[in-house]
Amino acid sequence: ALAIVAESLSKAQARGQVTAEGVAAATQRLRAASKLAEAVPGHDLIIEAVVEDVATKQALFKELDALADPKAILASNTTTIPIETLAAAVSPARRANVIGIHFQLPAHVNELVEIVVGEETSRQTLERAKGYVASLGKTAIVVKSQPGFITSRLMISALNHAMHLYESGVPSASADGS
């Protein structure tokens, strides 16, 4: 995993998207662990980015709930799964600390981050998440938990409109530029 991240950072540096100092700083912050029990304790914010599957994410949240410090925030980078669905997998006492922190791709370039607030997310958790996003030099938009959140819904809307324009014969050239 660390080799993949290092390769990605190297490519970003070659494209001028990150400085050598940025690569070095990011690399120094990374730690690999083969088990969650080694990685989770002692951290006050855990952001998951596993496959976009409800059962997989809920199983992970259940495990994180058992391993994380009681006041730790459990966040998801989900693009579509309601935060309430993920919060249902943790203990009732932890649900106030569940939130979405959805990085727009590519995350190292895009400055926009959606912070997705669930029905039980506390104001303190929201403020801590906003502080984290700000510490990265990124811009947060706070949204309610709803299917697709904002950016995914806007993208789908734009793609639907583009398809309608294409089907209506508006473009005068083909998509491949010929």
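The values are calculated or read from the model by the stated rules, or taken from the named source; none is laboratory data. Because the structure is predicted, anything quoted here is derived from the model rather than measured. Every residue, glycine as well, gets a Cβ built from its backbone with ideal geometry; the counts of neighbours run over all protein chains shown. SASA here: full protein model, heavy atoms, side chains in, ligands and nucleic acids out. Shrake-Rupley method; radii C 1.70, N 1.55, O 1.52, S 1.80 Å.
Does Thr19 satisfy the criteria of being hydroxyl-bearing (Ser, Thr, Tyr) and without any contact (Cβ under 8 Å) to a residue 12 or more places away in the chain?
yes
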Enumeration of residues in segment 47-91 that are among the small types (Gly, Ala, Ser), touching a helix residue (DSSP H, G or I) at 6+ places or on another chain (Cβ under 9 Å) and either crowded, with 16+ Cβ neighbours inside 10 Å or farther than 19 Å from Thr121 by Cα (or both) | Ala68, Ala72, Ala75, Ser76, Ala87, Ala88, Ala89
If you go through segment 43-61 one residue at a time, do you hit one that is over 23 Å from Lys144 (Cβ atoms) and in contact with a Pro (Cβ under 7 Å, 6 or more places away or on another chain)?
-> no
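I'm trying to understand the selection: among the residues of segment 119-178, which are among the polar types (S, T, N, Q), open to solvent by 60 Å² or more (accessible area, probe 1.4 Å) and either at pLDDT 80 or above or within 25 Å of Ala107 (Cβ to Cβ) (or both)?
Within segment 119-178, Gln124, Ser135, Thr139, Gln146, Ser157, Ser168 meet the criteria.
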Could you please find all residues in segment 92-130 being in contact with a helix residue (DSSP H, G or I) (Cβ under 6 Å, 6 or more places away or on another chain) and in contact (Cβ under 8 Å) with a residue 60 or more places away in the chain?
-> His108
